[in-house]
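J.: I have a structure I would like to understand better, so I am pasting it below and will then ask my questions one at a time.
Readers should treat all values here as calculations from the given coordinates under stated rules, not as data from a laboratory. All values reported here derive from a predicted model rather than from experimental measurement. Every residue, glycine as well, gets a Cβ built from its backbone with ideal geometry; the counts of neighbours run over all protein chains shown.
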Amino acid sequence: MAEDVLLSDDLLRQLMSVGEVDLLVGMSSHNAANTVSHALDAIEESFQRNFVRQRVVIVNVGGGDKDEDGVEAKGQGNLAEKVRLPGIISLRTSHRVTANISGPPSAGIALRTILAAADLLRARACAVVSPAASNLTPDSVANLLRPIYREKFDFVAPLYTRNRYQGLLARNLLYPMSRALFGCGIRELFSDEWGFSGRLAALCLNQDVWHEEAIQARPEAWMGISAISSDFRCCQAFLGEKSQATKGLATDIVEVLRQTVGTLFWCLEARQSWWLDCGKSQPVPTFGPAHELTSDPTDLDRHRIFEMFRSGVTELEPILSSILDPETHSEIKSIVSLEEGKFRFKSDLWVRTLYDFAASYHHAVINRDHLVQALAPLYRGMTYSFLVEHSDSSPAEMEAASEMLCGEFELQKPYLMERWKAKVEVKS
Amino acid sequence: MRQTILRGLEQVYGNLVHMIAEFLPRFLVMLIIIVIGLLVALALKYILRALLGLTKLDRVSDDAGASRVLRMAHLPPMTELLSRSIFWVTWIGFILVGLSVLRVAGLQEQISRLFQFLPEVFVAILILFLGAVIANFLSRTALLAAVNAGHPSPKILSWSIRFVIWILAISMTLEELGVARQTVISAFSIIFGASMLGLAIAFGLGGQDLARKCLERYLGDTKKKEDKEPQPL
């Protein structure tokens, strides 16, 4: 890796003055000037409480912010001089390093800078956190670093407590599909907080993928999938309640689909030699409790979600016909005509729909960005069906349904493999 | 008298023989040129087809939506279309060169005119093709964006975009070919201006409620709308 190209002179100078470290925590402070001090305090406290003997560094990637000067002043310098917890004496000097990127850094650029710094400093355990997350605590930082530093894992994905009706894309698509195809049951591949080893950082840094749009938007999922497909040790760690105000988390469903499903499909394409031969999924070691569901009241307009599904499928019929298998498409058209009360998006149809989308993405039957956007109405249909089916379900029942969906994804994997390998003829 | 007639016939016969003697080699040259042209055109066709096959042009064409346009027009896939085009262009070129060897009065002038016109025809075809690709891509983009944003009439929006781009492409094509230049420009300006004015009036006056809703949607408080759907992640 050419650090001289990726890392600025100023950053190199800062890194050289740090020397080797044991632990590195990276974050991107872009658009998070108001919360960055809270994040820094949490990380510092975590270091002083949990890693007294380790050499530590915080790498803050910023750029393009109006309040950059303020952030920079907080982000640089010797850690030990800034925060001292009463009764705790740190045995090592800790450092902060700030990487100023010209212009707003994308998630990909920020991660690449952090990986380059980790590689140069020979960090053993690293974590990326989001300063915009309002619930970042010293414990959550430690929970990401500890399995790597002490238990020799290579990738740590977070687990959260969240509302039962939130995170439905992760629950109904990203988690079961990635688990069935990549054989590893990591629940939160798409998150703003995760941990990784120095070995994994070096591997990812040397991949020639950083120019890819999928990597620029959501590099963490690619990093997780790289770890799984390269036989690195992966685990999950419970971090507490999921913050919905995390930076970079788009609220527009189409944008979220482009960032997450687009990246997942891209990873399928990039790692096809691996997942096509991959066997059944294996459980992942988990530190702390498994993910938890709460039942806080939510303001959801089910009727609007259903109407957007119905109108979307009707209006996008020519596009969907070029993506979906004719049988799948006709089944979807038949459920569109059902009354709202009787409508259900059955799991086998949902899985086949997604596998058709994945295969069509692979064969590029239409523009790939358009293809991912065309999934939005169908996702809304699945969301509506889920909300109706689980209006009175207990967390255990929802978990059982989730397991059944995962099983359906695994059961139908041969269908995807068949469509994936099929040659698509250009009709004259 | 008899001698004169015989001499005249002899002269005509001599001229005919001379003409045939002059024409036959030229005709043979023309045939040779046409046959060579056929071989060259066939070779170019197969070379181009192989090269385009390597570059996966058909996939790019599918991706851009051009294949669909070609299918709608009952045309072959992009690779086949281009390789067939190069075959015909090359062979027709050789045929015209061959014909010019015959030195038929007036024909040479027409041939040279046709050669001068060929680049404009190519540019016109290219403009039309690019117009079709862009119209298809942008109309699909608009359709997806409108559907996912919950707009009431996404197909109208999509077809409007397709229509405007097609009109623009056809006008540019006709202008390139020099077909009634002034009329085309005037017609385009009138149709385009009238359409836009008509849409603006229809939207502003006829669809006041819709206009208000759209403005509220884009400029108003979006928080309430976001809360209506569950957080995906």
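J.: Under a GNM of chain A (C-alpha, springs under 10 Å), which listed residue has the highest mean-square fluctuation: A:ASP119, A:ASP139, A:ASP252?
T.: Maximum among the listed residues: A:ASP252.
J.: Name the long-range amide H neighbours of A:GLU292: under 5 Å, sequence gap of 5 or more, or other chain; modelled H, no Pro or chain starts.
T.: Excluding prolines and chain starts, which carry no amide H, the hits are A:TYR160, A:THR161, A:ARG162.
J.: Can you compute the charge dipole magnitude of the protein assembly as shown about its Cα centre, using +1 on each Lys and Arg Cβ and -1 on each Asp and Glu Cβ, nothing else charged? Give it in debye, rounded to the nearest 20. Walk me through the intermediate numbers first.
T.: On the way: 67 positive and 72 negative charges, 318 e Å.
Dipole of the protein assembly as shown, to the nearest 20 debye: 1520 debye.
J.: Using a Förster distance of 56 angstrom, determine the FRET efficiency expected from the C-beta separation of B:LEU75 and B:LEU16, and round it to 0.05. Could the numbers behind the result be given before it?
T.: Values: r = 49 Å, r/R0 = 0.87.
Once the sixth-power term is evaluated, E becomes 0.70.
J.: What's the FRET efficiency of A:LYS333 with B:LEU126 using the Cβ-Cβ distance as r and R₀ = 41 Å, to the nearest 0.05? Working shown, then result.
T.: Details: r = 39 Å, r/R0 = 0.94.
My answer for the efficiency is 0.60.
J.: Angle, helix A:302-315 long axis vs. longest principal axis of chain A, Cα atoms, 0 to 90°, nearest 10?
T.: 70
J.: What's the magnitude of the charge dipole for the range B:14-104 around its Cα centre, counting Lys and Arg as +1 and Asp and Glu as -1 at the beta-carbon? Answer in Debye, nearest 20.
T.: Details: 9 positive and 5 negative charges, 16 e Å.
In debye, rounded to 20, the range B:14-104 gives about 80.
J.: Looking only at B:ILE86, B:ILE161, B:ILE190, which one moves most when chain B is put into a Gaussian network model with springs between Cα atoms under 10 Å?
T.: Highest fluctuation of the listed residues: B:ILE190.
J.: Compute the helix-to-body angle for B:208-219: its Cα long axis versus the longest principal axis of chain B, expressed 0 to 90° and rounded to tens.
T.: Around 80 degrees separate the two axes.
J.: Something else now. Hey, in the GNM for chain A with a 10 angstrom Cα cutoff, which one of A:GLY288, A:GLY262, A:GLY62 fluctuates hardest?
T.: Its mean-square fluctuation being the largest, the pick is A:GLY288.
J.: If you average the sequence gap of Cα pairs under 8 Å that are 6 or more apart and divide by the length of the range B:119-222, what percent do you get for the contact order? If you can, show how the numbers build up before the last one.
T.: Values: 66 pairs, mean separation 26.8, N = 104.
It rounds to 26 percent for the range B:119-222.
J.: Under 5 Å between amide hydrogens, which residues at least 5 positions from A:ALA99 or on another chain qualify, with H placed 1.01 Å from N in the peptide plane?
T.: Under 5 Å from the amide H of A:ALA99: A:ASN60, A:VAL61, A:GLY62.
J.: Modelling each spin label as a point 7 Å along the Cα-to-Cβ direction, I'd like the A:SER102/A:VAL52 distance in nm, to one decimal.
T.: Result: 4.7 nm between the two label points.
J.: Along the three principal axes, how long is chain B when you take its alpha carbons, biggest first, rounded to the nearest angstrom?
T.: Cα extents, longest axis first: 112, 44, 22 Å.
J.: Hey, rough spin-label estimate for A:SER402 and A:VAL388, points 7 angstrom out along Cα→Cβ, what's it come to in nanometres?
T.: Taking the simple label geometry, A:SER402 and A:VAL388 are separated by 2.3 nm.
J.: Out of all Cα-Cα pairs in the range A:368-417, roughly what percent, to the nearest whole number, are more than 15 Å apart? All intermediate terms of the calculation are to be shown ahead of the outcome.
T.: Working: 778 of 1225 pairs.
Looking at the range A:368-417, the distances longer than 15 Å represent 64 percent of pairs.
J.: By how many degrees, between 0 and 90 and to the nearest 10, does the Cα long axis of helix A:347-363 differ from the longest principal axis of chain A?
T.: That helix lies at roughly 70 degrees to the long axis.
J.: What average number of partner chain Cβ atoms lie no more than 10 Å from the Cβ of the residues making up B:140-151? Each step should come with its number before you reach the end.
T.: Details: counts 8, 4, 0, 7, 14, 2, 1, 13, 15, 4, 6, 2.
Per residue, the average neighbour count from other chains is 6.
J.: Provide, for q = 0.11 Å⁻¹, the log10 of I(q)/I(0) from a solvent-free Debye sum over equal Cα point scatterers in the range B:1-101.
T.: -0.55
J.: Then there's this: With r as the distance between the Cβ atoms of A:GLN207 and A:ASP41 and R0 = 41 Å, compute the FRET efficiency 1/(1 + (r/R0)^6) and round to 0.05. Can you show the working numbers first?
T.: Numbers: r = 34 Å, r/R0 = 0.83.
Here the calculated transfer efficiency is 0.75.
J.: Using the basic label-point model (7 angstrom from Cα toward the beta carbon), what is the B:ARG7 to A:SER134 distance in nanometres?
T.: Between B:ARG7 and A:SER134, the label points sit 12.1 nm apart.
J.: Per residue, what volume in Å³ does the convex hull of the Cα atoms of the range A:90-232 enclose? Display every interim value, and only then the final one.
T.: Numbers: hull volume 19.9 nm³, N = 143.
Spelled out: Cα convex hull of the range A:90-232, divided by residues, is 139 Å³.
J.: Below 11 angstrom from the Cβ of A:SER197, what's the summed charge of the other residues (Lys, Arg +1; Asp, Glu -1)?
T.: Working: positive: A:ARG124, A:LYS152, A:ARG199, A:ARG233; negative: A:GLU151, A:ASP154.
Local net charge: +2.
J.: From Cα coordinates alone, what are the radius of gyration and Dmax values for the range A:9-294 in angstrom?
T.: Cα-based Rg and Dmax for the range A:9-294 come out at 17.8, 55 Å.
J.: Ok, one more. Determine the alpha carbon to alpha carbon distance for each of A:LYS413/B:LYS56; A:LYS280/B:LYS56; B:LYS45/B:LYS155; A:LYS333/A:LYS413 and list only those over 30 Å. Spell out each step's value before the answer.
T.: Details: A:LYS413/B:LYS56 28 Å; A:LYS280/B:LYS56 35 Å; B:LYS45/B:LYS155 40 Å; A:LYS333/A:LYS413 23 Å.
Exceeds cut-off: A:LYS280/B:LYS56; B:LYS45/B:LYS155.
J.: At a Cα cut-off below 16 Å, give the aspartates and glutamates reachable from A:LYS421, other chains included and same-chain residues fewer than 8 away excluded.
T.: A:GLU269, A:ASP277, A:ASP325, A:ASP356
J.: Partner chain Cβ atoms within 10 Å, averaged over the residues of A:366-375 - can you pull that number for me? The partial results should precede the final answer.
T.: Details: counts 8, 9, 1, 2, 7, 2, 1, 7, 5, 1.
Per-residue shielding by partner chains comes out at 4.
J.: Something else: What is the Cα radius of gyration of the protein assembly as shown over 2.2 N^0.38 Å, N being its residue count?
T.: Values: Rg = 33.4 Å, N = 661, 2.2 N^0.38 = 25.9 Å.
Output field value: 1.29.
J.: What does the helix-only formula give at 222 nm for the protein assembly as shown: each DSSP H stretch with n ≥ 4 adding -39500 (n - 2.57), the total divided by the residues, and the result rounded to the nearest 500 deg cm²/dmol? Show your work: numbers first, answer last.
T.: Numbers: 30 runs with 412 residues, N = 661.
Calculated mean residue ellipticity at 222 nm is -20000 deg cm²/dmol.
J.: Tell me, Kirkwood radius of the range A:244-393 from alpha-carbon pair distances, in Å?
T.: Values: mean 1/r = 0.0579 Å⁻¹.
Hydrodynamic radius (Kirkwood, Cα only) of the range A:244-393 equals 17.3 Å.
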